[in-house]
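Structure first, commentary second.
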Amino acid sequence: MLLLLSLFACADDARIGEVLYLTPDTEAGATLYADSCAGCHGEDATGGSGPDLVGELSHTDEHLLGYIIDGDGEMPSYADWTDQELADVMGYLRSLE
Ligand code: HEC
């Protein structure tokens, strides 16, 4: 069981590595954000029913992408997005810093 869990953790880390290797298209990320995230995190990402993401940008990309890929509670999983879409939305969030 522990081995299985660590295999999953590795798969996720590998995916995050692939996403971070890509060059984000911030404009595409803004559209993805407006369509999929703004409803909970607010138009300007300062929070709504979901937390203020601008306030979370001190976290690493790995931490934030882990949430976006896996979800957590009310936060949906976006594991079915392409690596490029994940990179784009992450790039958009970084542009808000
Ligand atoms: C249905 C509402 C909802 C949607 C849609 C949603 N989120 Fe969330 N999100 C949440 C909630 C609630 C949390 C807090 C989860 C927790 O801490 O357990 C969260 C947490 C997060 C976190 C972690 C923040 C931290 O460091 O604690 C990130 C990053 C995030 N969301 C990004 C996104 C992005 C990017 C999208 C769009 C692709 C998105 N969310 C869509 C509700 C949502």
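For this structure, a couple of remarks:
- Verdict on Thr31 being more than 9 Å from the ligand (Cβ to nearest atom), β-branched (Val, Ile, Thr), outside any helix (DSSP H, G or I) and under 13 Å from Gly91 (Cβ atoms): no
- The requirement of being more than 6 Å from the ligand (Cβ to nearest atom) and part of a loop (DSSP other than H, G, I, E, B) is not satisfied by Asp88.
- Residues satisfying the stated conditions in segment 81-97, i.e. hydroxyl-bearing (Ser, Thr, Tyr) and under 12 Å from the mean Cα position of the chain (by Cα): Thr82, Tyr92
- Residue-level analysis places Ala14 outside the set of residues that are outside any helix (DSSP H, G or I), free of Cβ contacts under 8 Å to residues at least 24 places away in the same chain, among the small types (Gly, Ala, Ser) and more than 10 Å from the ligand (Cβ to nearest atom).
- Counting the residues of segment 54-80 that are more than 10 Å from the chain's Cα centre (by Cα) and either in a loop (DSSP other than H, G, I, E, B) or more than 6 Å from the ligand (Cβ to nearest atom) (or both) gives 10.
- In the set Ser36, Ser49, only one residue is out of contact with any helix residue (DSSP H, G or I) (no Cβ under 7 Å at 6 or more places or on another chain) and of a type in the set (Ser, Thr, Tyr); that residue is Ser36.
Taken together, the values in this text are just the output of simple stated rules run on the coordinates, not laboratory data. In this text the structure is predicted, and so the values were computed from the model without any measurement. FYI the Cβ positions are ideal-geometry reconstructions off the backbone, even for glycines, and counts take in every protein chain you see.
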